[in-house]
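Novice: Have a look at the structure that comes next, please.
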Amino acid sequence: MTTHVLGLLLGTEEDWPAAFESIVRRLGPVTDGSDTVHHYDVERVTVEPFNLRQKPRYDLVIDRLAYWYYHPREWLKKAALMDDLYLLNSPFTFQSMEKHAAYCAMMRLGLKVPETVLVPYKNPPDHAKYAFTAQRYNRPFDLDALAESIGYPIFMKPYDGGAWVGVTHIRNREELHKAYDESGQRLMHLQKAVAGYDVFARSLSIGAETMVLKFDPDQPMHARYSVTHDFLDAGVGDEVVTISRLVNAFFRWEFNSCETLIKGDEVYPIDYANACPDVAITSLHYYFPWAIKALVKWSVFCTVTGRRARYDLDTRRYFDIADRDDLGYTEKLSSYRQFADDYFEAERYADFCASRLANIDDVVLEWVAGQDFDRLLIDTVRTTFPAHEHDHFIAHYRGLLAAWASDERARLG
Ligand SMILES: Nc1ncnc2c1ncn2[C@@H]1O[C@H](COP(=O)(O)OP(=O)(O)O)[C@@H](O)[C@H]1O
Ligand SMILES: [Mg+2]
């Protein structure tokens with residue numbers, strides 16, 4: 001018998017952590033292929049002084065905090081470097097490979113990232129040496145000519161991205177100058193807009209699983225994901241999954257979302273470095289049970305099998321494929337997909353879930369259909385929406401989750 005402690009490093013969220021804790025508790029111990037019984041505890045990680053040589057008590061940590069809170073971020077790095085702590089996302093690449101570097105890497109691999117230009121700061125950084133350096137080395141540039149060479153419409157957005165902050169849709173010169181003037185000390189990309197796209201697909205990946213969701217950025221939060229299956233044809237759907245897994249395998253991310261815009265048969269990735277992807281019940285609704293189940297399954301798989309976290313990268317291996325002139329886009333993608341499937345041990349994971357976690361579908365279904373879940377739903381609505389909307393949204397989400405439960409019952413037979 002062995003016990004694993006799963007740590008949750010949290011910010012303000014209450015919904016999915018409570019769900020995760022409930023499912024792990026209800027799942028009970030997991031027996032591996034050699035009859036060892038694995039027990040699980042889930043604990044919330046606290047922030048406190050730590051000695052760099054002190055061993056953490058966790059086997060695996062799911063982090064939702066370190067992208068803005070630097071003390072726990074440095075604790076994660078220490079635990080990754082010193083203690084082999086299993087982290088779903090590498091804290092090293094998430095700090096260094098923000099949106100800009102992720103664009104660069106995926107362009108090099110041949111993905112259809114829209115034309116993107118990094119412009120110098122509108123207002124200089126606060127630095128004593130700036131005036132001298134700028135006078136000597138900053139070349140004046142023609143913003144209008146630059147924009148025209150990209151072609152309107154354009155998006156201006158921060159090079160490191162996140163939560164739509166500072167993102168502007170630009171249709172003409174006037175909007176261009178206004179946005180640039182307002183960018184101040186933020187470093188900005190100009191990116192060609194994928195205008196008139198057919199579908200906005202947001203795919204959420206958790207370990208070896210990916211859910212591709214139809215997304216509408218113009219809707220309010222609760223209505224951005226629609227409940228629809230097969231909204232992409234099989235080939236395009238597979239391409240979206242491949243791109244998501246490729247990004248994740250390449251950077252060592254296992255809990256990440258990827259945004260792609262689809263126009264005709266072309267898939268354009270625009271945003272795929274999201275260290276803390278949205279998994280709120282109020283936005284995922286119908287897909288929330290899938291997300292929690294995938295998080296539990298992947299955490300159990302990694303700890304039972306002793307999967308080692310890989311914080312080193314295989315950059316060269318991918319570039320060797322990218323640089324080959326004899327391979328086209330589709331062939332390159334299929335090579336990357338193979339690397340990614342190997343990295344995520346896709347086959348072994350599927351076998352593991354079938355043989356060792358055969359009861360989890362029933363556990364989750366029973367939980368979602370029961371009182372505990374309903375209470376969580378009510379509490380979440382109450383903390384998310386104003387009082388006069390509570391009844392409306394409780395009914396709304398109950399309806400969506402009941403639809404999930406009914407589909408799930410049918411699927412399980
Ligand atoms: N090149 C683009 N073409 C079309 N829409 C875009 C493009 N870039 C960004 N957008 C729109 O702006 C939103 C925010 O941009 P994104 O790159 O996702 O920034 P963030 O990292 O803040 O989420 C996207 O969800 C999308 O609706
Ligand atoms: Mg985005």
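Just so it is clear, none of the values below were taken in a lab; they were calculated from the coordinates. Here the structure is a predicted model, which is why all the values come from computation and not from measurement. Cβ atoms come from the backbone with ideal geometry, glycine included; neighbour counts cover every protein chain shown.
Novice: Thinking of the stretch 352-400 as a set of Cα atoms, what percent of all their pairs are more than 19 Å apart?
Specialist: Of the Cα pairs, 40 percent sit more than 19 Å apart.
Novice: Pairs to check: 178/332; 99/178; 122/192; 129/157. Give those whose C-alpha atoms are more than 29 Å from each other in this structure.
Specialist: Checking Cα-Cα distances, 178/332 exceed 29 Å.
Novice: Right, next: Within a 10 angstrom radius of the beta carbon, how do 82, 1 rank from fewest other beta carbons to most?
Specialist: 1, 82
Novice: Hey, what did the stretch 2-96 get for relative contact order, percent, Cα under 8 Å, at least 6 apart?
Specialist: The normalised contact order for the stretch 2-96 reaches 33 percent.
Novice: Averaging the inverse of every distinct alpha carbon separation and then flipping it gives the Kirkwood radius. What is it for the stretch 2-96, in angstrom units?
Specialist: In the stretch 2-96 this quantity evaluates to 14.4 Å.
Novice: Still on this model: Please state the equivalent ellipsoid semi-axes for the stretch 290-364: what are the square roots of 5 times the Cα gyration tensor eigenvalues, largest first, in whole Å?
Specialist: Computed over the stretch 290-364, the values are 32, 14, 10 Å.
Novice: Where does the Debye-calculated log10 I(q)/I(0) of the chain sit at q = 0.12, 0.14 Å⁻¹, using only Cα point scatterers of equal weight, no solvent?
Specialist: Once normalised to I(0) and log-transformed, intensities are -1.09, -1.43.
Novice: For the stretch 323-413, divide the Cα radius of gyration by the Kirkwood radius and give the resulting Rg/Rh value with two decimals.
Specialist: So for the stretch 323-413, dividing Rg by the Kirkwood Rh gives 1.23.
Novice: Could you tell me which chymotrypsin sites (Phe, Trp or Tyr not before Pro) in the stretch 1-78 are loop residues by DSSP with no more than 16 other beta carbons within 10 angstrom of their beta carbon?
Specialist: Within the stretch 1-78, the qualifying chymotrypsin sites (Phe, Trp or Tyr not before Pro) (loop, at most 16 other Cβ atoms within 10 Å) are 50, 68, 69.
Novice: Now for a separate question. What span do the alpha-carbon atoms of the stretch 331-379 cover on each of the three principal axes, reported in whole Å from largest to smallest?
Specialist: So the extents along the principal axes, rounded to whole Å, are 49, 26, 13.
Novice: I'd like the Karplus ³J(HN,Hα) series for the stretch 381-390: coefficients 6.51, -1.76, 1.60, θ = phi - 60°, whole numbers in Hz, and an x wherever there's a Gly or Pro.
Specialist: 4, 5, 8, 9, 10, x, 3, 5, 9, 4
Novice: Further question on the same structure: Taking each pair of distinct Cα atoms in the stretch 115-192 once, what is the resulting Kirkwood hydrodynamic radius in Å?
Specialist: It is 13.1 Å.
Novice: While we're here: Counting Lys and Arg as +1 and Asp and Glu as -1, each charge on the Cβ, what is the dipole of the chain about the Cα centre in debye, to the nearest 20?
Specialist: In debye, rounded to 20, the chain gives about 1120.
Novice: Mind jotting down the distance between the C-alpha centroids of the stretch 307-324 and the stretch 163-216, whole Å?
Specialist: Cα centres, the stretch 163-216 to the stretch 307-324: 27 Å.
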